[in-house]
């Protein structure tokens, strides 16, 4: 069943995190990051930080259900978007860095899912959605870099990547600003296709592009491949411990306010 409130999204993410810890699954890395994002949105709604709280919750729930549906499809071996398939496949590879796996999840969720959710919540008018869209992206941007900084605890040599170096083109493409700008342009173009036979085809074409980006991120070559191997040698090896670290950090930093959540008809 799809979530209809942010509280239900939080519960679903908590279930994924708990299962991932119990089964030592790397799927829990992105779930822990996403828990942080969703909790921040929920707290912001409760504090009246958004122009339209009910609409913001509906937007967030539509957005989250894209991830939850992809996760369920992967677990049940059902068809899913190519960008999410690459992300979930990476969770089965012990050689993939924690950072790589977070970025692969962000790739599928921001570059594909976010634009689709924006169109679905817009009711045909994107003007009212843009501020909500920017608010979600601002939260994602702030929390993602916060988590990347925390990752130095579980991946001590992460700085070898040179996160601010123009030589690492994949990470440059993954800058949050570029991702969210691209997602908004995709949403505006997708809105023009809404209600036509080309709507699904347009999403599929976008997914193909984002899947190619994902494959480039997941499978480094040349000197970058050697650098990633060196970083991996010194990275924590037990997924359950990494998930606990990321999730415990989330619980310490964010006070969850369960009051004033708004039921959403999706």
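The values are calculated or read from the model by the stated rules, or taken from the named source; none is laboratory data. The shown structure was predicted, so the numbers you read here are calculated from the model rather than taken from an experiment. Counting neighbours? That spans all protein chains shown, and the Cβs are built from the backbone with ideal geometry, glycine included.
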What are the pairs with Cβ atoms under 7 angstrom where one residue, in the stretch 27-46, is at positive phi and in contact (Cβ under 8 Å) with a residue 60 or more places away in the chain and the other, located anywhere, is surrounded by fewer than 22 Cβ atoms within 10 Å (Cβ to Cβ) and in a helix (DSSP H, G or I)? Sequence gap at least six, or different chains.
none
Condition test on residue 44, is it in a helix (DSSP H, G or I), out of contact with any strand residue (DSSP E or B) (no Cβ under 6 Å at 6 or more places or on another chain) and under 21 Å from residue 118 (Cα atoms)?
yes
Among the residues of the stretch 58-110, how many are part of a helix (DSSP H, G or I) and more than 14 Å from the chain's Cα centre (by Cα)?
9
Give me a count of the residues in the stretch 195-205 that are under 24 Å from the mean Cα position of the chain (by Cα) and either under 11 Å from residue 116 (Cα atoms) or not in a helix (DSSP H, G or I) (or both).
4
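Matching residues to (1) free of Cβ contacts under 8 Å to residues at least 40 places away in the same chain; (2) closer than 24 Å to residue 126 by Cβ; (3) surrounded by fewer than 21 Cβ atoms within 10 Å (Cβ to Cβ); (4) touching a helix residue (DSSP H, G or I) at 6+ places or on another chain (Cβ under 6 Å):
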site	(1), (2), (3), (4)
56	no, yes, no, yes
69	no, yes, yes, no
73	yes, no, yes, no
77	yes, no, yes, no
82	no, no, yes, yes
89	no, no, yes, no
92	no, no, yes, no
Residue count, the stretch 160-185, condition more than 17 Å from the chain's Cα centre (by Cα) and either at pLDDT 95 or above or over 23 Å from residue 231 (Cα atoms) (or both), comes to 1
Quick check: is even one residue across the stretch 113-122 within 24 Å of residue 219 (Cα to Cα), without any contact (Cβ under 8 Å) to a residue 60 or more places away in the chain and either within 13 Å of the chain's Cα centre (by Cα) or buried (at least 23 other Cβ atoms within 10 Å of the Cβ) (or both)?
yes
Among the numbered criteria (1) outside any loop (DSSP other than H, G, I, E, B); (2) modelled with pLDDT of 90 or more, which one does residue 225 miss?
(2)
